[in-house]
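The values are calculated or read from the model by the stated rules, or taken from the named source; none is laboratory data. All values derive from a computational prediction rather than experimental measurement. Cβ: placed from backbone, ideal geometry, glycine included. Neighbour counts: every protein chain shown. Ligands, DNA and RNA are excluded from the accessible area calculation, which covers all protein heavy atoms including side chains. Shrake-Rupley method; radii C 1.70, N 1.55, O 1.52, S 1.80 Å.
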Amino acid sequence: MRLAMAHVELAKAEAKAIGAEIARVAAYVGIAVAAVLTTGILLVVGTSLFLGEWLLGSIGWGVLHGILFFLSIAIACGLLAIGGGGARVVRALVAAIIVGLIVAIGLGLALPNRAYRSLGDSALTGVESGVRPLVIGMLVVGVIGLLLGLIAALRRPGGFSLGPLVGGLAAGVVVGAISAIEVPVQVGVGIGIAVGYLVWMALMGLDAARTGVDVEALKARFYPTQTIETSKETLAWLQSKMPPGIGS
């Protein structure tokens, strides 16, 4: 008995030493992982700030784009976690890149401002020349937004509603006013990048709202259905092999 207890005590001491070594290794690994994660965050944030200052002329663009980037990644990961599918995330990203490029090129080259100015010179001669692009932009894009809102209101599942109509008109007026402003190339590119991130988030949100969450599919991913069904079949087979009157 004393010999057996000596072996038990030796095993306990050795297990304690091994546990201490495991804890020390785990601590080092945790610090290494935290350092790598911090390096990645600094790399993304630092690159965003550097590009904002170097390419766009202001570190504020880097801060804004960094925030929008992390928010977009968070929404994308959330959509993938509930089974949204990577294809839909990629499609939304491609559409957002296209929209961002269009906005960046359009505002960077002041194309909307030139178009509004040309239209205003022929249609609104009574309005001051400096205000014509703004007025034309708000009118033209406001009408487009109103038409899109009307289409959305007519296709609304619950019936016609004034909400999409008013929202489309307001959004069109705001977009028209912003697009009528003549901004430097760097500011136009910065706005285009920001719009791209916002469109990506909006498309992913609309896709999730349109398709909803498949609760049954989500439950199947975390519920051991196959194991339970196999166990039931095995139990039924065992019960069929038992002599009569034994088991239940």
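A quick yes/no check of all residues on (1) part of a helix (DSSP H, G or I); (2) in contact with a Pro (Cβ under 7 Å, 6 or more places away or on another chain); (3) more than 24 Å from Arg132 (Cα to Cα):
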residue	(1), (2), (3)
Leu165	yes, no, yes
Gly168	yes, no, no
Gly172	yes, no, no
Val175	yes, no, no
Ile178	yes, no, no
Glu182	no, no, no
Val187	yes, no, no
Gly196	yes, no, yes
Looking for something at pLDDT below 80, assigned to a helix (DSSP H, G or I) and surrounded by 12 or more Cβ atoms within 10 Å (Cβ to Cβ) - is there at least one such residue anywhere in the range 229-242?
no
Does the range 68-77 contain at least one residue that is open to solvent by 60 Å² or more (accessible area, probe 1.4 Å) and modelled with pLDDT under 85?
no
Only one of Pro164, Pro133, Pro157 is modelled with pLDDT under 85 and surrounded by 14 or more Cβ atoms within 10 Å (Cβ to Cβ); which?
Pro164
State yes or no: is Val143 surrounded by 13 or more Cβ atoms within 10 Å (Cβ to Cβ) and out of contact with any Leu (no Cβ under 9 Å at 6 or more places or on another chain)?
no
Check Val29 against each of (1) closer than 23 Å to Ile178 by Cα; (2) modelled with pLDDT of 85 or more and name the one condition it does not meet.
(1)
How many residues are under 13 Å from the mean Cα position of the chain (by Cα) and either open to solvent by 60 Å² or more (accessible area, probe 1.4 Å) or among the hydroxyl-bearing types (Ser, Thr, Tyr) (or both) when one looks only at the range 83-93?
3
Inside the range 52-67, the number of residues satisfying the requirement of being buried (at least 16 other Cβ atoms within 10 Å of the Cβ) and assigned to a helix (DSSP H, G or I) is 6
